[in-house]
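Working notes, beginning with the structure itself.
The values are calculated or read from the model by the stated rules, or taken from the named source; none is laboratory data. Owing to the predicted nature of the structure, the values given are computational and were not obtained by experimental measurement. Positions of Cβ are generated from backbone atoms using ideal geometry, with glycine treated the same way; all protein chains shown enter the neighbour counts. Side chains included, ligands, DNA and RNA excluded: accessible areas come from the protein's heavy atoms. Shrake-Rupley method; radii C 1.70, N 1.55, O 1.52, S 1.80 Å.
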Amino acid sequence: MLKIQEIREIIKLIDHSSIDEFSYEAEGTKVKLKKNSVNGSTEQVVSQAKPEAAVAVAQVPVETTQAPVAAPTSNESVAHSEQNESAVNDDSLHKIKSPMVGTFYASSSPDAPAFVQVGDKVNEDGIVCIVEAMKLFNEIEAEVSGEIVEILVKDGQLVEYGQPLFLVKAN
């Protein structure tokens, strides 16, 4: 049985992703989330069936708003932004991408050191980060041997499927 906090976390992940519809079913619990493309709200249908009870269904509309994005305030910010954009578009660098929607963690726990930092050498099967989705912590491997050139996301940041996380200069 899903707890309300777990359902809220799923809603947040879906709202911040490009996913339009999500379904989950386990142990008699069904969760279906569908974004309403007209006003950007999300509609949820949650049902929990017990062997001896009837199915209960609740529909809750949730309004979502996106905060406006602030423009860079200095030429230094603009230059840094352009530099990051050119680095991401550099075809000579390998991009380690997120295999799922979730929360990016640079280390295994808040007090542990990061798996990798800029300048670190990595192997194909070396763990570079964790992406947490629905209380499951998924270790992400480097996929290539080389040197970490840039870390593109911050610890605790929500990431989408296919979003570049690291840039690696492959050997």
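Please list Ser23, Ser98 in order of solvent-accessible area, largest first, computed with a 1.4 Å probe with all protein chains present.
The ordering from most to least exposed comes out as Ser23, Ser98.
Give me the accessible area per residue for segment 96-135, probe 1.4 Å, as a whole number in Å².
Dividing the accessible area of segment 96-135 by its residue count gives 52 Å².
Calculated FRET efficiency, Asn171 and Met134, Cβ-Cβ r, R0 25 Å, to nearest 0.05?
Taking R0 as 25 Å, the efficiency between Asn171 and Met134 is 0.10.
Okay, which of segment 137-171 sit inside 11 Å, backbone N to the point 7 Å along the Cα-Cβ direction of Lys12?
157-158
What does the highest-first list of 119-131, 156-168 look like by mean Cβ count within 10 Å?
156-168, 119-131
With respect to the cross-link table entries Lys35/Lys121; Lys34/Lys121; Lys12/Lys97; Lys97/Lys135; Lys12/Lys95, which display a Cα-Cα separation exceeding 31 Å?
Exceeds cut-off: Lys35/Lys121; Lys34/Lys121.
Roughly what would the spin-label model give for Lys121 and Asp155, points 7 Å off Cα along C-beta, in nm?
2.5 nm
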